[in-house]
Amino acid sequence: PRNFLFFTKLRKLRKLYKQAHTPLAMSMRLKVTTADLKWSKRVRERDKCCQICKKTDKRLNAHHLIPKHFSKWRHDMDNGISLCVSCHQFGVLSAHKNPLWFSRWLRIHRNKTYQIAIRRLQEIDGGN
């Protein structure tokens, strides 16, 4: 049930994200800033390896739990987790290809981080 709650809120968040990708919104697309690069480096240095498979790949990615379009948490350390390229985007069980699986993994293995993300999703969604 809690996993379903996260997934449902994530679907609403994706709908908002898609609405942000109209031609006008795309012309105002977010650029990668120096602050983004510093945040990414801090997340990767904190975690030291992919938090799912434990690889210490030099190409670790810092994954935003709440998309960076929500600037309130864009550079918040609790909004990031280090993942290898496969666990981040390209693997069958990756944060982007299978968000339901990822939310379950996060709830089981990083529950504090999961709870913070849930509270933030509820705030975005007006507490619903």
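Readers should treat all values here as calculations from the given coordinates under stated rules, not as data from a laboratory. For clarity, every value in this text was computed on a predicted model and none was experimentally measured. Cβ atoms come from the backbone with ideal geometry, glycine included; neighbour counts cover every protein chain shown.
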Reachable aspartates and glutamates, given that their alpha-carbon falls under 17 Å from the alpha-carbon of residue 41 and they are not under 8 places away in the same chain: 57, 76, 78
Length added when fully stretched, residue 78-residue 112, from 0.36 nm per residue minus Cα-Cα: 11.3 nm
Contour excess over end-to-end distance, with Cα ends at residue 46 and residue 97 and 0.36 nm allotted per residue: 15.9 nm
Charge sum, other residues only, whose C-beta stays under 11 Å from residue 70's C-beta, Lys/Arg counted +1 and Asp/Glu -1: +2
